[in-house]
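Participant: Quick one: the structure is below, questions incoming.
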Amino acid sequence: MKLTILGSAAAEAWPALFCECAACAEARRRGGRNIRRRTAYWINRDTLVDFGPDICSQSLQFGIDLAEIRQIFVTHSHQDHFAPVELFWRRKGFSVVTRPLTLYANPKSYERLRAEGSGFFPAFFKDIRLLEDLKVHEEVMLPGRTVNAGSLKVTALAASHGDAQEQAMNYVIEEDGKAALIGNDTGWWADPTWEQVRQFKLDVVLLDCTYVHRAPEERRGHLGALATVAVRDRLAELGVLKPGAQVIVNHFSHNGLTLHEELCEFFRPHGMAVGYDGMVIEA
Ligand SMILES: [Zn+2]
Ligand SMILES: [Zn+2]
Ligand SMILES: [Zn+2]
């Protein structure tokens, strides 16, 4: 399995669009791995995890032919992870699209897709069959569900993120005896998720590190640096990590105030890597 990090920032991107903070100024000055778009991943050639507002620039920079994408797994409906409008360009009249796409997403994401569709196509919405016209096949994904999608087997875990109706998900993606966990956005998992993850042997683990300096016991919604180390340790304790498993932190907010180089310094002694846009992970 080949996994490419397409984006490594939290919601505002980094530099954040209008931000005057020192961390954004320093990211602009240093450039390179400090320039972070909204978090998303590309698996092999035909699968995306999340589809956010930066998908146009990500596809151009990393050489993704979006016509080859057969399936998108959306983690949750938040704007940094799901930009329905970018799917609307699939409609006849905007683009020539012959190949269908399966969208695995929770009910909240589908709610957003339909609401934004009715705003986008107002005049003729009564005549439009939105998903059919977009050649999007609907698959409602919920925590606990496992699907076979092409060569991948994908299991949704319940993330601890967003309001009760959100049903945000983390995904375990398996192929050819290898397994990768996409573990943002989440705080510390609830017990049933810890129980559920025990069935896996992971080669790759991507963890949420939104607020770097958050106290380790503050684990609601997102994690800080010390909490990500605690998650890794707990996974190891449960026997879920294969020997030599790659553990990578990702999804950084500029409000965490810590640049890529300093993040690497912090995580190196813990044997953990720091994600960046364009990072390729082979499992
Ligand atoms: Zn996010
Ligand atoms: Zn900033
Ligand atoms: Zn979120």
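Participant: In nanometres, what is the gap between the two model label sites at R99 and E282, each 7 Å from Cα along Cα-to-Cβ?
Facilitator: 2.4 nm
Participant: For region 79-194, rounded, prolate or oblate, judged on the Cα gyration tensor with a ≥ b ≥ c (square roots of eigenvalues), a/c < 1.5 rounded, else prolate if a/b > b/c? Could you put the intermediate results ahead of the total?
Facilitator: Numbers: a/c = 2.85, a/b = 1.62, b/c = 1.75.
Here region 79-194 falls in the oblate category.
Participant: Net charge near D191: determine it from the other residues with C-beta under 14 Å of the C-beta of D191, scoring Lys and Arg +1 and Asp and Glu -1.
Facilitator: Values: positive: R198, R219, R234; negative: E195.
Charge balance near D191 sits at +2.
Participant: On to the next question. Given springs between every Cα pair under 10 Å in a Gaussian network model of the chain, which of S109, S59, S160 has the largest fluctuation?
Facilitator: Looking only at S109, S59, S160, the largest GNM fluctuation is found for S59.
Participant: Within region 158-221, report the trypsin sites (Lys or Arg not before Pro) that DSSP leaves as loop and that have at most 12 other Cβ atoms within 10 Å. Present the calculation step by step, with values, prior to reporting the outcome.
Facilitator: Values: sites: K178, R198, K201, R214, R219, R220; in loops: R198, K201, R214, R219, R220.
Sparse-neighbourhood loop trypsin sites (Lys or Arg not before Pro): R198, R220.
Participant: Name the chymotrypsin sites (Phe, Trp or Tyr not before Pro) in region 1-74 that are in a loop by DSSP and that have at most 12 other C-beta atoms within 10 Å, would you?
Facilitator: Working: sites: F18, Y41, W42, F51, F62, F73; in loops: F18.
Passing both the DSSP loop test and the Cβ count: F18.
Participant: More than 22 angstrom separation, counting every C-alpha pair in region 175-283; what % is that? Write out the running numbers ahead of the final one.
Facilitator: Details: 1561 of 5886 pairs.
So the portion of pairs separated by more than 22 Å is 27 percent.
Participant: Also, quick follow-up: Count the lysine pairs in the chain that are 8 or more places apart or on different chains: how many have C-alpha atoms under 27 angstrom apart?
Facilitator: So the count works out to 19.
Participant: No solvent, one uniform scatterer per C-alpha: report log10 I(q)/I(0) for the chain via the Debye equation at q = 0.10, 0.13 1/Å, two decimals.
Facilitator: Listed by q, the Debye log ratios stand at -0.50, -0.85.
Participant: What are the residues whose amide H is under 5 Å from the amide H of R214, where those residues sit 5 or more places off or on another chain and H is modelled from the backbone?
Facilitator: Those qualifying (amide H under 5 Å, at least 5 residues apart or on another chain) are A225.
Participant: Pairwise over distinct Cα atoms, reciprocal of the mean inverse distance: report the Kirkwood radius of region 101-151 in Å, one decimal place.
Facilitator: Numbers: mean 1/r = 0.0820 Å⁻¹.
Over region 101-151, the inverse of the mean reciprocal pair distance is 12.2 Å.
Participant: Right, here's the next one. What number comes out for the charge environment of L6, summing +1 per Lys or Arg and -1 per Asp or Glu over other residues with Cβ under 15 Å away?
Facilitator: Values: positive: K2, R33, R36, R37, R38, R45; negative: D46, D50, D54, D65, E68, D80, E86, D277.
Charge balance near L6 sits at -2.
Participant: With Kirkwood's inverse mean 1/r over C-alpha pairs for Rh, give me the Rg to Rh ratio of region 178-232, two decimals please.
Facilitator: Working: Rg = 11.2 Å, Rh = 11.5 Å.
Reported Rg/Rh, Kirkwood definition of Rh: 0.97.
Participant: Stretched out fully, how many nm does the piece from Q165 to E217 gain, at 0.36 nm a residue minus the Cα gap?
Facilitator: Details: separation 52, 0.36 × 52 = 18.72 nm, distance 2.45 nm.
Contour length minus Cα-Cα distance gives 16.3 nm.
Participant: Taking only the Cα atoms of region 1-106, how large is their convex hull per residue, in Å³? Write down the numbers at each step before the final one.
Facilitator: On the way: hull volume 11.8 nm³, N = 106.
Value for region 1-106: 111 Å³ per residue.
Participant: Something else about it: For V140 and A236 in the same chain, what is the full-extension length gain: residue separation times 0.36 nm, less their Cα-Cα distance, in nm? Intermediate results must be reported in sequence, preceding the final value.
Facilitator: Values: separation 96, 0.36 × 96 = 34.56 nm, distance 3.14 nm.
Length difference between fully extended and current span is 31.4 nm.
Participant: Only sites in a loop by DSSP and with at most 14 other Cβ atoms within 10 Å count here; which GluC sites (Glu not before Pro) in region 203-261 make the cut? Mind dumping the intermediate values first?
Facilitator: Working: sites: E217, E218, E237, E261; in loops: E217, E218.
Sparse-neighbourhood loop GluC sites (Glu not before Pro): E217.
Participant: Okay, next question. Between R45 and R30, what is the spin-label point distance in nm, taking each point 7 Å from the Cα along the Cα→C-beta axis?
Facilitator: Label at R45, label at R30, 3.6 nm between them.
A short reminder: the numbers here are calculations on the coordinates, not readings from a lab. Treat the numbers as computed from the prediction; the structure is a model and nothing was measured. Glycine also receives a Cβ, built like all others from the backbone with ideal geometry; neighbour counts cover every protein chain displayed.
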